[in-house]
1. Being open to solvent by 20 Å² or more (accessible area, probe 1.4 Å) and within 26 Å of Leu134 (Cα to Cα) is the filter here, so list the residues in the range 88-99 that pass it.
2. Restricting to the range 147-169, count the residues that are open to solvent by 10 Å² or more (accessible area, probe 1.4 Å), small (Gly, Ala, Ser) and either within 18 Å of Phe299 (Cα to Cα) or in contact with a His (Cβ under 8 Å, 6 or more places away or on another chain) (or both).
3. In the range 374-383, which residues are assigned to a strand (DSSP E or B) and crowded, with 20+ Cβ neighbours inside 10 Å?
4. In the range 345-354, what residues are in a loop (DSSP other than H, G, I, E, B) and out of contact with any strand residue (DSSP E or B) (no Cβ under 6 Å at 6 or more places or on another chain)?
5. Condition first: open to solvent by 20 Å² or more (accessible area, probe 1.4 Å), among the polar types (S, T, N, Q) and in contact with a Ser or Thr (Cβ under 7 Å, 6 or more places away or on another chain). Can you find one or more residues in the range 287-296 that meet it?
6. Answer yes or no: is there a residue in the range 232-241 that is touching a residue at least 12 places away in the same chain (Cβ under 8 Å) and under 21 Å from the mean Cα position of the chain (by Cα).
7. Within the range 113-138, count every residue that is open to solvent by 10 Å² or more (accessible area, probe 1.4 Å), assigned to a loop (DSSP other than H, G, I, E, B) and at pLDDT 95 or above.
8. Test Glu85 against the criterion of being open to solvent by 20 Å² or more (accessible area, probe 1.4 Å), touching a residue at least 60 places away in the same chain (Cβ under 8 Å) and either out of contact with any Ser or Thr (no Cβ under 6 Å at 6 or more places or on another chain) or part of a helix (DSSP H, G or I) (or both), and give yes or no.
Amino acid sequence: MTSGVPIGRRRALSGAGALLLAVGLAACGSPSSGGGGGGGDGGGGGEGLPDTIKIMNIRALTGPVSFAGLAAQQGIDLALAEIEEDGLLGDSTLEVDSRDSAASAQEAASFASQAAADTSFTAIIGPEASAQALAVSPIAQGQGIPVVYVQAGSEGVLTGDFTFRMTPPAESYFEIVGDYLEQQGVATASVLINTGNPTLVQLGEDTIPALGEAHGFEIVSSSGVETTAQDFTSQASSIAGAAPDAAFLMVQGPQAPVAITQLRQAGFDGEIIGMSAMGAGNLQSAGQTAEGAVWPANFNAGQSDESSQTFVEAFQAEYGEEPTNYSAEAYDAMWFLARAIAEADSADRGAVQQAMADLAAEGFDGAQGSVTFEGNDARVSGVLVRWDGAAEVPFELGEN
């Protein structure tokens, strides 16, 4: 699916963009005079910017990870409306060409190739799925078009100066799970891994065993399931039979409620640990059965950071619901890219890439809270989230 996303909504927003611009970054203001832009349609936005600045947006709007892609699109749309309202780019217009990559790495690569070959495109907002990102990155890096990813947490996604990631890798804030399990007295754990997702494999095979060594629990069993599996009775029975104190479910969001339900039905009554894919409302169908499940996240709507709460208020005013981490990440990605274009005062790909690197080096306060970077990879402190049977709530260590 191809859809240009307009930014013509003219309403009073809650000022999230203005706050983000003010904290941790040089104020961009309206574009100043400067060198001519490379990509784009040319003409009279700011003196250094073309009238129209085109961005390719590759999202999973259908398929197994569409829950993430659709939520990310909401964050992008909100950011676009705020960027226009703020006047960050003067009279220039951001034109976002959204393409549905569904579950296809080939489609994602094709869209990236189209953007790279068309000099009117300044940058790409990359897909959520790591397999798709791994197909996009060599194209973006090789052709010198900046790409900033939402999700896509596996190794190998960031291949050089032109590839950025706004979603902190899960392993970078997974330590809070170790602290939680140590507090709960967990001594043994089992791991269930979606073997088709590189990020989940990395967490299940590397991060969690290392966490066990650091926090004194032993992995007593590990098993895998396919990407689209929706029957976990065999694995659940095996885990329940091993009777560990905790079970790590490294599965995709829609798989989580089924896996938890079948695990409880098999008689397992220990701690259940997931990752951010358990969020975004994915545990609603499990209800009380999933009560007590916890996971580390880079963002939760209940976290206390001022910039996060400003974003939450703006999102609720726009959509009438709380944002997910996918919306927060994509919102930050869109603002990050727009600020880089304004700082570069150019739609030239190389100039925008350099501005992105400069902004990453400074860090900023955004929807996810205080965002810093290691190289081109975002970092946040993270928040532990608990499912209380009806909603996702931040969990402070020391709570019962």
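1. Within the range 88-99, Glu95, Asp97, Arg99 qualify.
2. Total meeting the criteria: 1.
3. Asp377, Ala378, Val383
4. Residues satisfying the conditions are Asp345, Ser346, Asp348.
5. yes
6. There is no residue in the range 232-241 that is touching a residue at least 12 places away in the same chain (Cβ under 8 Å) and under 21 Å from the mean Cα position of the chain (by Cα).
7. Result for the range 113-138: 3.
8. So Glu85 fits the description; yes.
The values are calculated or read from the model by the stated rules, or taken from the named source; none is laboratory data. Everything numeric in this text was worked out from a predicted model, so none of it was measured. Here Cβ is always computed from backbone atoms with ideal geometry, including for glycine, and neighbour counts include all displayed protein chains. SASA here: full protein model, heavy atoms, side chains in, ligands and nucleic acids out. Shrake-Rupley method; radii C 1.70, N 1.55, O 1.52, S 1.80 Å.
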